[in-house]
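The values are calculated or read from the model by the stated rules, or taken from the named source; none is laboratory data. Here the structure is a predicted model, which means the values were calculated and not measured. Neighbour counts are summed over all protein chains in view; Cβ atoms, including those assigned to glycine, are modelled from backbone coordinates with ideal geometry. SASA here: full protein model, heavy atoms, side chains in, ligands and nucleic acids out. Shrake-Rupley method; radii C 1.70, N 1.55, O 1.52, S 1.80 Å.
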Amino acid sequence: MTGVRALLADGRVALVRRLTPADTDAVCLLHKALPERDIYLRFFTLRPPRLEAFADHLTAPDVRHATLGAHVDGVLTGVATYEVVADPAEAEVALAVDHRQQAHGVGTLLLEHLASLAREHGIRRFVADVLAENTGMLRVFHDLGLPCEVVRGGPEVRVVVPLDPDDRYLDSVTDREVRADVASLARLLRPRSIAVVGAGRRPGTVGHAILQRLVEAGFTGRIMAVNPNAVEIAGVRCYPSVPELPVVPDLTVVAVPAAAVPSVLAECARRKAPAVVVITAGITGEERLHGEVLGTVQGGGFRLVGPNCLGIVNTDPDIRLDASFSDRPARAGDVGVVTQSGGAGIALVDQLAAAGLGVSTMVSTGDKYDVSGNDMLRWWEFDDATRVAVLYLESFGNPRKFSRLARRLARRMPVVALRTGTSEVARRAAASHTAAGATPAVTRDALYRQAGVIAVDTLTDLTATVAVLDKQPLPDGLRVAVITNAGGGGVLAADQCAAHHLHVRPPSKTLRAALGSLLPATASLGNPIDTTAAVSAVEFGRCVRAAMDDVAVDAVLAITVPTALGDPSTELAEIIVKARAAGRNTPVVAVRLTQPESLRLVGAELPSFAEPAVAVAALARAAHYGQWLRRPAGLVPALAGIDVVGARELVDGFLADHSDGGWLSAPDVTTLLRCFGIPALDVIAAADEDAAAAAFQTLSGPVALKAVARGLLHKSAGGGVALGITDESQLRDRAKSMRTHFGGDLLGYLVQPMAAPGRELLVGVVGDASFGPLVVFGLGGTDTDVIDKRVSCLVPVTDVDSHDLLRALPAPKALAGVDVDAVAATVMRVGRLAELLPEVAEMDLNPLIAYATGCVIADARILLRPVERTDATLRALRV
C-alpha cells in the first residue's frame, strides 16, 4: 500500500499507510523508544511483555485487525490499530505516538484514517480501555468530533466511539484540515528565503524573469539562485546546486528543462525543503517524467505548486513576493486569485489592475499535482488581507470537499468563479490543457449555487462583480432606485434589473417628497427617476443621497451623461463618503455612459461603468449573494421510517447477481423506495396476459397496464402504457395489442392501480463518483421533455435545499394548489436514498403526482452500478 499524504497540525507532511510485516522492526523500535510514562499509559504496565511479538502481531495480515502508521520524513512516528474481538461491528482501538511528535496531530490523523478503514470493513464503533489519568488520550477521542461515550469505573475508563460521520464530525475534520493547510502554506506564501533553480544569466528565459521580478518587487527575505555557470545574476549570489545552498530555502522555484525536474525535486526532498513551485511545462504529458515527479512528491515531504504554472504572488508589504513571469508586476490589493491557467491569470490580474483593483495573493496551480483551489480556500479563510476570492478552475480534484470549503469561505467573504468548460468544445480544450476531465456544467452550477459561489461567464463580468463586491456594501435586499439625467439610460437599466430579478418599484412617499423638493417640475419621479438633463452635479448628488437615506431602497444605480451644464457624476464620490460617515451603507453603482473605460473607480470606492447591462448584472450578483448569506443554512433532518439495512441488502443482492449492474425490476424499485419512506403505488409484475388478468382481480378500481420490453425506457412515448382499464376483457385486449406492437421484445407486463389526476412532476437522480449524486426536479408526465423546466442540487439535500428547488422551478404556477411540503419531503428522501446508496447510477421518478394533500410516485426506474467506495471527507493531499 503506497499510502496517502496528509498534513499534521503544524503543517508538516505525513505519509499514512497500512503497515505490513516489512514494518515490524520500525513498530518495535517506536514502542521501545517510548518513555516509561508513555509505556505505562499505553500498556498499563512499565514492562510490556515481548514487544517483538506484539509488533509481529500488529503488522501481520489478518482480516480481523488493521494497523496504520504515520511516517514523517521517512520515519515511523505513530501507530494506530483496531482489532475485532467478538462482535464483527465492534473493534478495540489503540494508539501509540513517538513522544517527540505528540501534540502535533499525529494521533488524531491516524484515528481519522483508521475509522474510515474500519467503516469500509463494516465496523460501526470503536471501543477502548483507557487509564483515567491518560487525559491526553481521552482528549484525542473527545476532539475527534464523533460522538464519544465515556463510562468511568475505577482507574480505567471505557470509551465507545460510534463511527458513522455526522455534520459535527465533518466540521471538526474540516477545521483541522484548514488549520493544518494554513500552516503548511505559510512557507509557500510567506517565505523567509527563496531559491530560484534554473535562473538564466541572460534576459529572455523564464528563470531569469522570475529572479528579476523577485528583486524588483523588493522581496523582504533572502534570495538565492542556482546556476552552476554563474556567480551572480541580477545582483543575486548563485550556487551550483540545491545541495550546495548555504541554507534550506523556505520556497524553491524550479524553472529548469522538464527532463531535469525530477532530479531537482529529489535534491529538494533530501534537503527537506518545505515548499516548491515548478514553473516548467512538458511533464504531465510524458509518462516517465510524470511518474518520477509524482513519486518524489509522494515521499518528499514538501508542498508543490505546478508544474506548468505562472508562479505565485503575495503583495503583503511585509513579504513583497512576486515569483511569477507575468507581463507586469501585480498591483497590490485585497483580491485573492487562484487560477489553473497561467494565461487566464495574467489577463485577470491585468484587468483588475486596469479597474483600479489589486491582488493580495495569486497562485497559479497549473497541472495541480498538489496545491489546488481547495488549499487557497483554506488559506483565505484566515487571511485578513483578502476581501474577495476569485477562482478560475477547469476541473475539481475533490468537489465534495470544495463544496464544504467554499461554503465556509463564502460566509466570510464573496467567492467569485469564472465558469469554464460549459460547451463540449471548451470541455475538450480544458481536458487537453490540464490533463483533467472538465466538470459537467449542470453539476458544476449546482455545486456553485449551493456553496454560495458567485459564477460569471466572462472576464468583464468577473472584474465588474469583484469591483462592486470589493468597494461597496452588500445590498440588504433586491429593491433598486435608478436615478438618471438621461431617460434612455434609465429605461435600459430598468429592463436589465427585471432580467436579473431586481425590483424597480415606485419610490416611497418619503423619497418622492424629498425628490420633489430637489427637482424641477419636469422631472419624472417614478422609478427610474429622471432628473432631466438640466440639474446640476450638486442637485443630482442630493437626489442620490435622498435615495440612500430611504429605508425602502436597497441599492442605488446612478446613470449620467455630461451636458453643457456640467457632469452630474462629479459629486457622487464625495456624496458617498459623507453618507458612509453618517452611517448609511446603501450601495451605489455609477454608470457614466460616455466614459471610455468599461470600468473605473471614482474616488476610492465608487465603481463606474460605461454600460448599464454590465453594472446591473454586477449589482444583481451582489444582491443575490446577500440573499444567500441571509438564507438559513438548512439541516439534513433525521428522517423517520428509513430502513437502511433492508435497502443495503436489496442493492448488494442485486449486484451480487449482476456484476455489471442493471435496471431493477419494478417490484424491487417499489421496495427500495419504500425503504426510504418514498410514497409509491403498488405494482404487480405479470409474465403474460393470464397473470396480468389475475393481478387485475387483486386490485380494486381502474388499473394501468404497462409493457416490460427490451429497449423500452419511456413507456408512454414507446406505446407501452394503457390507462384507465376497468374490466378484464379490456385488459386482455390491451395486453394483446402490446404483444403485437413489441413482438419478441416483450418480456411481460406491470399492473398498477390508477392514481388520481394531479400535478405531474419529476424527481430524478444522476450519480457522479466525484461530485456525488445530483437530484433533479422538474415537470413530469407529458412536460418531461421541456428540459429548461428542470432544476437540480447535489446531496446532501437539506430542508432549505428542497424548498429552494421547488421555488426555483421556472414554471412556479405548476405548483399552485399542491402540497409543496409533501413534495419537498419526497425530494429530501430521494436525496437521502442517493446519498446512502452510491450504487444508484440513475433514478427516474416520473411522474410524481402531487395533490392538495400528499403525493405519490406512479412510475419509477432505478439503474444500479457497482462503485468503488471512497471517503471524500478524508484528510489527504492530492498525491
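Whether any residue in the stretch 463-477 is modelled with pLDDT under 95 and part of a loop (DSSP other than H, G, I, E, B) is what I want to check.
no
Quick one: in the stretch 340-354, of everything that is buried (at least 22 other Cβ atoms within 10 Å of the Cβ) and either hydrophobic (A, V, I, L, M, F, W, C) or farther than 24 Å from Gly218 by Cβ (or both), which residue is nearest to the chain's Cα centre (by Cα)?
Gln340
List the number of the failed condition for Val776; all other conditions in (1) assigned to a strand (DSSP E or B); (2) in contact (Cβ under 8 Å) with a residue 40 or more places away in the chain; (3) touching a Ser or Thr at 6+ places or on another chain (Cβ under 6 Å) hold.
The one condition Val776 does not meet is (2).
Of Pro317, Pro329, which residue is out of contact with any Ser or Thr (no Cβ under 6 Å at 6 or more places or on another chain), over 13 Å from Val277 (Cα atoms), at pLDDT below 95 and not in a helix (DSSP H, G or I)?
Answer to the selection: Pro329.
Could you please let me know if Ala579 is open to solvent by less than 60 Å² (accessible area, probe 1.4 Å), free of Cβ contacts under 8 Å to residues at least 60 places away in the same chain and farther than 24 Å from Lys509 by Cβ?
Taking the combined requirement at face value, the residue does not satisfy it.
Residues in the stretch 47-83 that are within 26 Å of Gly122 (Cβ to Cβ) and assigned to a strand (DSSP E or B): how many?
The qualifying residues number 12.
List, please: which pairs have Cβ atoms under 7 Å, are six or more places apart or on different chains, and start with a residue in the stretch 404-433 that is more than 20 Å from Asp167 (Cα to Cα) and end with one that is among the charged types (D, E, K, R) and modelled with pLDDT of 90 or more?
Met413/Arg387; Arg419/Asp457
What residue, among those in the stretch 83-94 that are out of contact with any Ser or Thr (no Cβ under 8 Å at 6 or more places or on another chain) and at pLDDT 95 or above, is surrounded by the most Cβ atoms within 10 Å (Cβ to Cβ)?
Checked the stretch 83-94; the qualifying residue surrounded by the most Cβ atoms within 10 Å (Cβ to Cβ) is Ala91.
For the stretch 29-46, state whether one or more residues are polar (S, T, N, Q), over 37 Å from the mean Cα position of the chain (by Cα), outside any helix (DSSP H, G or I) and loosely packed, with under 12 Cβ neighbours inside 10 Å.
Yes, because at least one residue in the stretch 29-46 is polar (S, T, N, Q), over 37 Å from the mean Cα position of the chain (by Cα), outside any helix (DSSP H, G or I) and loosely packed, with under 12 Cβ neighbours inside 10 Å.
Among the residues of the stretch 176-221, write down those that are farther than 23 Å from Ser360 by Cβ and surrounded by fewer than 18 Cβ atoms within 10 Å (Cβ to Cβ).
Within the stretch 176-221, Arg201, Arg202, Pro203, Gly204, Thr205 meet the criteria.
Of the residues Ala692, Ala687, which is crowded, with 17+ Cβ neighbours inside 10 Å and either closer than 23 Å to Leu845 by Cα or in contact with a strand residue (DSSP E or B) (Cβ under 7 Å, 6 or more places away or on another chain) (or both)?
The conditions single out Ala692.
Per-residue answers, yes or no, for (1) more than 23 Å from Ser598 (Cβ to Cβ); (2) in contact (Cβ under 8 Å) with a residue 12 or more places away in the chain; (3) open to solvent by 50 Å² or more (accessible area, probe 1.4 Å); (4) in contact with a helix residue (DSSP H, G or I) (Cβ under 9 Å, 6 or more places away or on another chain):
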{"site": "Asp461", "(1), (2), (3), (4)": "no, yes, no, yes"}
{"site": "Pro475", "(1), (2), (3), (4)": "no, yes, no, yes"}
{"site": "Ala481", "(1), (2), (3), (4)": "yes, yes, no, yes"}
{"site": "Asn485", "(1), (2), (3), (4)": "no, yes, no, yes"}
{"site": "Gly489", "(1), (2), (3), (4)": "no, yes, no, yes"}
{"site": "His501", "(1), (2), (3), (4)": "yes, yes, yes, yes"}
{"site": "Ala513", "(1), (2), (3), (4)": "yes, no, yes, no"}
{"site": "Ser524", "(1), (2), (3), (4)": "yes, yes, yes, yes"}
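Only residues in the stretch 209-226 that are basic (Lys, Arg) count as the first member; pair them with residues that are buried (at least 24 other Cβ atoms within 10 Å of the Cβ) and in a helix (DSSP H, G or I), Cβ under 6 angstrom, at least 6 apart or cross-chain, and list the lot.
Correct list of pairs: empty, since none qualify.
Scan the stretch 795-810 and report the pairs whose first residue is more than 17 Å from Ala633 (Cβ to Cβ) and whose second residue is of a type in the set (D, E, K, R) and open to solvent by 20 Å² or more (accessible area, probe 1.4 Å), with Cβ atoms within less than 7 Å and a gap of 6+ or a chain change.
Leu809/Lys789; Pro810/Asp788; Pro810/Lys789
Out of everything in the stretch 532-546 that is open to solvent by 20 Å² or more (accessible area, probe 1.4 Å), part of a loop (DSSP other than H, G, I, E, B) and hydrophobic (A, V, I, L, M, F, W, C), what residue ends up being farthest from Ala615 (Cα to Cα)?
In this case the residue turns out to be Ala534.
So, in the stretch 259-277, exactly how many residues are free of Cβ contacts under 8 Å to residues at least 40 places away in the same chain and closer than 16 Å to Gly366 by Cα?
Residues that pass the stated criteria total 1.
Looking at Ala707, Ala691, Ala685, Ala722, which one is assigned to a helix (DSSP H, G or I), at negative phi and not charged (D, E, K, R)?
So the residue among Ala707, Ala691, Ala685, Ala722 that is assigned to a helix (DSSP H, G or I), at negative phi and not charged (D, E, K, R) is Ala691.
What is the residue count in the stretch 837-858 for residues that are open to solvent by 30 Å² or more (accessible area, probe 1.4 Å), over 33 Å from the mean Cα position of the chain (by Cα) and in contact (Cβ under 8 Å) with a residue 60 or more places away in the chain?
Of the residues in that region, 1 qualify.
State all residues of the stretch 384-407 that are over 18 Å from Leu874 (Cβ atoms), surrounded by fewer than 21 Cβ atoms within 10 Å (Cβ to Cβ) and not aliphatic (A, V, I, L, M); if no residue qualifies, say none.
Asp384, Arg387, Arg407
Check whether at least one residue in the stretch 272-286 is at pLDDT 95 or above, surrounded by fewer than 19 Cβ atoms within 10 Å (Cβ to Cβ) and farther than 28 Å from Val338 by Cα, and report yes or no.
No, that holds for no residue.
Taking Ala103 and the conditions (1) closer than 30 Å to Arg648 by Cα; (2) surrounded by fewer than 14 Cβ atoms within 10 Å (Cβ to Cβ); (3) more than 27 Å from the chain's Cα centre (by Cα), which numbered condition does it fall short on, given that it satisfies the others?
(1)
For the stretch 187-213, give me each residue that is small (Gly, Ala, Ser) and either in a loop (DSSP other than H, G, I, E, B) or under 23 Å from the mean Cα position of the chain (by Cα) (or both).
Scanning the stretch 187-213 gives Gly198, Ala199, Gly200, Gly204.
List every residue pair whose Cβ atoms sit under 7 Å apart, with the two residues 6 or more apart in sequence or on different chains, where the first one lies in the stretch 646-666 and is on the phi > 0 side of the Ramachandran plot and the second, anywhere, is part of a helix (DSSP H, G or I).
What qualifies is Gly661/Leu655.
Taking into account only those residues within the stretch 643-660 that are within 29 Å of the chain's Cα centre (by Cα) and at pLDDT 95 or above, which is surrounded by the fewest Cβ atoms within 10 Å (Cβ to Cβ)?
Looking at the filtered set, the residue picked out is Ala647.
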